[in-house]
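Trainee: The following block contains the structure, expressed as C-alpha cells.
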Amino acid sequence: MRSYPVVIVILLIGFAVMSFNPTYQGMGSENTTVNKGLTDFKIKLEQLKSDVYEFSEDKTSLEDLRKSLADTRNSFKEIEFYVAYHYPEFTKTHLNAAPLFHIEAAGTSAYTLPPEGLQVLDELIFSDEAKEQKEEIKTITDFLYNSYANFYLSSVRNGLSKGNNRTLPLRIELIRIYTLGVTGFDTPGSLNISEEASHALLGIKKYINDDIYFKNYNVQKANHIITETVDYLAKNKDFETFDRIEFYKKYIQPLYQELGSWDGKSDDLKEFSGWNAGNKNFFSSDFLDPYFYTLLKSSENNSALRKLGKEIFYDQKLSENGKMSCATCHLPENGFTDLKAKSPSNVEGKTVLRNSPSLYNAVFAKRFFYDLRAFYLEQQAEHVIYNEDEFNTSYESIIRKIKMKPEYKKAFSKAFKNGKISRENFSKALSSYVASLYSFESDFDKFMRNEKEISEDAKKGYNLFMGKANCATCHFAPHFSGLVPPFFNENESEVLGITKKPINQKPLELDSDKGRINSPVKKENSWIYENSFKTVTVRNIALTKPYFHNGAFNTLEEVLDFYNEGGGEGLGLKIKNQTLPADKLNLTQTEIKQIIAFLNSLTDVSQK
C-alpha cells in the first residue's frame, strides 16, 4: 500500500469551490448518451464527496464508502470511452491517474506531482489502512471533485469534442478493458474487474443505440455480443480465476472486429497513437504501426533500404577500432542480445554500464535505453556511435568510410532516389532494418488467433501473468512491455528494488545503478526516478538471459522468485520510492512453472 503525503492539500489552494448546477448550453443533442453520462457521474461524484466527509467524521461505514466509490467508478466507466478518447491528458492526469507520482513540465521547468483521481481512491479506500488514511482520501476526493467541476462547466458552456470517427473511441475502450481493466491495473485496491468492465460495455451499448451517427450501421450483432459479454462478466467475478483467454476469444475480439468493420480505418489518431486502427486482432503483427515510433516514413521504406540497414548493422569497420558492430551486443541467435550480464565495451576487459536488451520489437517504443534517455530509434543509434565505450566515433567518420566503399555507393543508390550517402540516409537504413525485427508469430500469438494450440500450463501461466502474478500491470498486453495502452504512445519505467544478486545469494544488497534519475533528460532529475528502469518486453525472454538491467539474474525462476517476494522493499531492503507493490504474490512453485511455460510460448525468431 503506497502512502500519499497530507501536504498535497496545499496544492488545492486556488481551486474555486464549484457548484454542479449549470443549465445545458453547449452540449449537442447528438451526444445525448454522453450528456446524461456526464451528469450521472457528476451526481455520483457529489455523493462520493459527501460520503468521504461523513467517513472522516465516523458518520458512515467503510463498507458504505466503498459502495459509494464503486458506484462513482461504474458511472465513470460508462462515459470513459468518450472522455478518455477526446480528453486523454485530462483523464489520465486528473480523473483516473495511476497511483504514482509523475513529472509535469511547465515551460522550461518540471514539477514532481502527486497522483490524483479514481485509481488513487480505489487503492486508498480498499486498503486495510483506509481508516488511517482519512485526510489523504479527503484530499484526493477534493482534487477529483474540483478537476471534474472545471471540465463539466467547460463542456456545458463550450460543447464536447466529437472527432470524425465515432467507432474509434469504442475500439480503444475495448483495448483499455482488456489491457488495463481485467488485469487489475485500473482497480489496484478493489480488483472489481468484472463489474467495471460491464459498465464500460453498457456505456458503449447505450451510445451506439442512441447516437444518430450509427443509424447507417447494423448494430444488432454488436448489441448481441455486448449482452453476452455482460452476462459472462456477471457469472465470472473472481479476479484470480477469471479466464482472460476465453474473455478475449469469445467476447472482446469478436466485438473489436465487428466495430472495426464499420469504419475502422481513420487518420484521427495518426499523430497521437501507435495503435493501427485497421487491425482486427490484438495478437497480430499489424496491431501497432512501426512508423509512429521512428522518423522513417512508410513511403520511404523498401527492401533495398532494409538490406542496406542490415549490412550497416553487421559492419565492424564502422566503429573506431574496426572491431565492434551493432551485432557485437545484439546477436540474432540470442534474440538479438549477447547472453552477457553487461555487454562488452571496445576496451578489452571492460563492459558498458548495463545489460543488452533484445532488438525484437524494439521499434515499438517512445523512449529508448534502460534510463529512457533517447526519444527516437535513430537517437538510440546516435548514443552508441558517440559513446567512447562503444563505437567511439562520429557520423562524419562513418560517412567517410562508407563513401570509400563502392558496394555501399551501389547500395545507397538502390535504396534512395537521390542515392546520397548522408547521415540522414544512414539513419533511415539502420532504422529500416531494426524496425523489420517483428516478433508476433510466437506459438502464443497463433493460439490467440486460433491458429495453434498451446499447453495447458502455458494457458494457466498466461492467466496468472494477467491476473494474480500482477505482471501485466507493467508488461502490458499484447506487446508485454511498458508501452502504455490504450494509445501506446508513452513508455513506463519502474522502481523494482533490483538486487545485485539473485535473492538466494546473501547478503542482499540493492544494485548501485541509480537508473533514470541520472539520465541526460534533466527535467526528469527527480527522486521518483531514482533506481527506475525501463520496462522492456518479455517476448523472446527465453532467449535473452541474464535478466534485468544489471544482468544479475540468470534464470526465469530467479526473476519470478524476486517478484514473488515483492521486489527489494518486500525483501526488507530500504527503498523509498518502489513502484512495484511490496506485497508478496504468494505464487506456488507450480504457478511459477506455469508462468514460465507461458513466457516460453512467446518465443519467435522468424525475422532476422
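Trainee: Output yes when any residue across the range 336-345 is in a loop (DSSP other than H, G, I, E, B), of a type in the set (A, V, I, L, M) and farther than 24 Å from GLU407 by Cβ, and no when none is. Before the answer, list the steps.
Mentor: Step one: list which residues in the range 336-345 are in a loop (DSSP other than H, G, I, E, B), which gives 336, 338-343, 345.
If we keep only those that are of a type in the set (A, V, I, L, M) as well, we get 339, 341.
If we keep only those that are farther than 24 Å from GLU407 by Cβ as well, we get 339, 341.
Yes, the range 336-345 contains a residue that is in a loop (DSSP other than H, G, I, E, B), of a type in the set (A, V, I, L, M) and farther than 24 Å from GLU407 by Cβ.
Trainee: While we're looking at this one, here's another question. If the requirement is being part of a helix (DSSP H, G or I) and on the phi < 0 side of the Ramachandran plot, which of these qualifies: LYS506, LYS468, LYS460, LYS545?
Mentor: LYS460
Trainee: Next question. Determine, yes or no, whether PHE444 is closer than 30 Å to GLU565 by Cβ and crowded, with 21+ Cβ neighbours inside 10 Å. Outline the logic, then answer.
Mentor: Working: closer than 30 Å to GLU565 by Cβ: yes; crowded, with 21+ Cβ neighbours inside 10 Å: yes.
Taking the combined requirement at face value, the residue satisfies it.
Trainee: Continuing with this model, one more query. So which residues in the range 346-386 are in a strand (DSSP E or B) and not hydroxyl-bearing (Ser, Thr, Tyr), if there are any at all? It would help to see each step written out before you state the result.
Mentor: Pass one, the range 346-386, residues in a strand (DSSP E or B): 351, 368, 374.
Across the range 346-386, the qualifying residues are PHE368, ALA374.
Trainee: Answer yes or no: is there a residue in the range 461-469 that is surrounded by fewer than 21 Cβ atoms within 10 Å (Cβ to Cβ), touching a strand residue (DSSP E or B) at 6+ places or on another chain (Cβ under 8 Å) and either of a type outside the set (Asp, Glu) or within 29 Å of LEU377 (Cα to Cα) (or both).
Mentor: No, every residue in the range 461-469 fails to be surrounded by fewer than 21 Cβ atoms within 10 Å (Cβ to Cβ), touching a strand residue (DSSP E or B) at 6+ places or on another chain (Cβ under 8 Å) and either of a type outside the set (Asp, Glu) or within 29 Å of LEU377 (Cα to Cα) (or both).
Trainee: Still on this model: Residues of the range 102-121 being touching a helix residue (DSSP H, G or I) at 6+ places or on another chain (Cβ under 7 Å), crowded, with 19+ Cβ neighbours inside 10 Å and more than 26 Å from THR167 (Cα to Cα), which ones? Give the derivation first.
Mentor: As a first pass, look at the range 102-121 and keep what is touching a helix residue (DSSP H, G or I) at 6+ places or on another chain (Cβ under 7 Å): 103, 105, 110, 112, 114, 116-118, 120-121.
Subsequent filtering for residues that are crowded, with 19+ Cβ neighbours inside 10 Å retains 114, 116-118, 120-121.
Those that are touching a helix residue (DSSP H, G or I) at 6+ places or on another chain (Cβ under 7 Å), crowded, with 19+ Cβ neighbours inside 10 Å and more than 26 Å from THR167 (Cα to Cα): PRO114, GLU116, GLY117, VAL120, LEU121.
Trainee: Let me ask another. What pairs come up if the first residue lies in the range 564-584 and is in contact (Cβ under 8 Å) with a residue 40 or more places away in the chain and under 16 Å from LYS468 (Cβ atoms), the second is surrounded by 20 or more Cβ atoms within 10 Å (Cβ to Cβ) and of a type in the set (Asp, Glu), and their beta carbons are under 8 Å apart, counting only those six or more places apart or on different chains?
Mentor: Close Cβ pairs (under 8 Å, with a partner that is surrounded by 20 or more Cβ atoms within 10 Å (Cβ to Cβ) and of a type in the set (Asp, Glu)) amount to LEU580/GLU494; LEU580/GLU569.
Trainee: To continue, here is another question. Looking at (1) out of contact with any strand residue (DSSP E or B) (no Cβ under 6 Å at 6 or more places or on another chain); (2) assigned by TED's automatic domain parsing to the domain that holds SER493, find the lone condition where VAL605 falls short.
Mentor: (2) is the only condition that VAL605 fails.
Trainee: Collect the residues in the range 477-503 that are at positive phi and touching a Lys or Arg at 6+ places or on another chain (Cβ under 8 Å), keeping them in residue-number order. Step through it out loud before you land on a result.
Mentor: As a first pass, look at the range 477-503 and keep what is at positive phi: 480, 488, 497.
If the condition is that a residue be at positive phi and touching a Lys or Arg at 6+ places or on another chain (Cβ under 8 Å), then PHE480 is the only one that fits.
Trainee: In the range 44-83, which residue that is touching a residue at least 12 places away in the same chain (Cβ under 8 Å) and basic (Lys, Arg) is surrounded by the most Cβ atoms within 10 Å (Cβ to Cβ)?
Mentor: The first filter runs over the range 44-83 and keeps only residues touching a residue at least 12 places away in the same chain (Cβ under 8 Å), leaving 44-49, 51-53, 55-56, 62, 64-66, 68-83.
From what's left, basic (Lys, Arg): 44, 49, 66, 73, 77.
Values: LYS44: 19, LYS49: 18, ARG66: 19, ARG73: 25, LYS77: 27.
Taking the candidates together, the pick is LYS77.
Trainee: Taking into account only those residues within the range 226-239 that are outside any loop (DSSP other than H, G, I, E, B) and in contact (Cβ under 8 Å) with a residue 24 or more places away in the chain, which is surrounded by the fewest Cβ atoms within 10 Å (Cβ to Cβ)? I'd like the intermediate steps shown before the answer.
Mentor: First, the residues of the range 226-239 that are outside any loop (DSSP other than H, G, I, E, B): 226-235.
With the extra rule that they be in contact (Cβ under 8 Å) with a residue 24 or more places away in the chain, the set shrinks to 226, 229-230, 233-234.
Details: ILE226: 22, THR229: 23, VAL230: 17, LEU233: 23, ALA234: 11.
Looking at the filtered set, the residue picked out is ALA234.
Trainee: What number of residues within the range 334-345 are touching a residue at least 24 places away in the same chain (Cβ under 8 Å), of a type outside the set (A, V, I, L, M, F, W, C) and out of contact with any Lys or Arg (no Cβ under 7 Å at 6 or more places or on another chain)?
Mentor: 5
Trainee: So is SER394 in contact (Cβ under 8 Å) with a residue 60 or more places away in the chain and either surrounded by 15 or more Cβ atoms within 10 Å (Cβ to Cβ) or in the same structural domain as ARG306 (by TED's automatic domain parsing) (or both) or not? Walk me through it before giving the result.
Mentor: On the way: in contact (Cβ under 8 Å) with a residue 60 or more places away in the chain: no; either surrounded by 15 or more Cβ atoms within 10 Å (Cβ to Cβ) or in the same structural domain as ARG306 (by TED's automatic domain parsing) (or both): yes.
Answer is no for this residue.
Trainee: So SER154 fits all but one of (1) touching a residue at least 24 places away in the same chain (Cβ under 8 Å); (2) part of a helix (DSSP H, G or I); (3) within 27 Å of SER273 (Cβ to Cβ); what number is the exception?
Mentor: (1)
Trainee: While we're on this one: Taking ASN223 as the residue in question, decide whether it is without any contact (Cβ under 8 Å) to a residue 24 or more places away in the chain and not in a helix (DSSP H, G or I).
Mentor: Details: without any contact (Cβ under 8 Å) to a residue 24 or more places away in the chain: yes; not in a helix (DSSP H, G or I): no.
It is false that ASN223 is without any contact (Cβ under 8 Å) to a residue 24 or more places away in the chain and not in a helix (DSSP H, G or I).
Trainee: Among the residues of the range 558-604 satisfying the criterion of being out of contact with any helix residue (DSSP H, G or I) (no Cβ under 7 Å at 6 or more places or on another chain) and of a type in the set (Val, Ile, Thr), which is nearest to ILE541 (Cα to Cα)?
Mentor: By that ranking, first place goes to VAL559.
Trainee: Among the residues in the range 209-220, are any crowded, with 21+ Cβ neighbours inside 10 Å and not assigned by TED's automatic domain parsing to the domain that holds ASP71?
Mentor: Restricting attention to the range 209-220, the residues satisfying the condition of being crowded, with 21+ Cβ neighbours inside 10 Å are none.
Looking through the range 209-220, none of the residues is crowded, with 21+ Cβ neighbours inside 10 Å and not assigned by TED's automatic domain parsing to the domain that holds ASP71.
Trainee: Still on this structure, I have one more. On the basis of being at pLDDT 95 or above, crowded, with 18+ Cβ neighbours inside 10 Å, touching a Ser or Thr at 6+ places or on another chain (Cβ under 6 Å) and not β-branched (Val, Ile, Thr), does TYR251 make the cut? Walk me through how you get there before you give the answer.
Mentor: Details: at pLDDT 95 or above: yes; crowded, with 18+ Cβ neighbours inside 10 Å: yes; touching a Ser or Thr at 6+ places or on another chain (Cβ under 6 Å): yes; not β-branched (Val, Ile, Thr): yes.
For TYR251, the condition - at pLDDT 95 or above, crowded, with 18+ Cβ neighbours inside 10 Å, touching a Ser or Thr at 6+ places or on another chain (Cβ under 6 Å) and not β-branched (Val, Ile, Thr) - is met.
Trainee: For the range 557-594: of the residues being charged (D, E, K, R) and assigned to a loop (DSSP other than H, G, I, E, B), which is surrounded by the most Cβ atoms within 10 Å (Cβ to Cβ)? Before the answer, list the steps.
Mentor: Keep residues of the range 557-594 that are charged (D, E, K, R), which gives 557-558, 561, 565, 569, 574, 576, 583-584, 591, 593.
Keeping just the survivors that are assigned to a loop (DSSP other than H, G, I, E, B) gives 565, 574, 576, 583-584.
Numbers: GLU565: 19, LYS574: 8, LYS576: 10, ASP583: 13, LYS584: 12.
Result: GLU565.
Trainee: If we scan the range 183-190, do we find a residue that is surrounded by 16 or more Cβ atoms within 10 Å (Cβ to Cβ) and over 29 Å from ILE125 (Cβ atoms)?
Mentor: Scanning the range 183-190 turns up no residue that is surrounded by 16 or more Cβ atoms within 10 Å (Cβ to Cβ) and over 29 Å from ILE125 (Cβ atoms).
Trainee: Out of the range 522-542, which residues are touching a Lys or Arg at 6+ places or on another chain (Cβ under 8 Å), in a loop (DSSP other than H, G, I, E, B) and more than 13 Å from TYR370 (Cβ to Cβ)?
Mentor: We begin by selecting, within the range 522-542, every residue touching a Lys or Arg at 6+ places or on another chain (Cβ under 8 Å); these are 524, 527, 529-534.
Those still in the list that are in a loop (DSSP other than H, G, I, E, B) too: 530-531.
Listed by number, the list holds a single entry, GLU530.
The values are calculated or read from the model by the stated rules, or taken from the named source; none is laboratory data. Bear in mind that the values here come from a model prediction, so they are computed numbers and not experimental data. We place every Cβ from the backbone using ideal geometry, glycine too, and count neighbours over all the protein chains shown.
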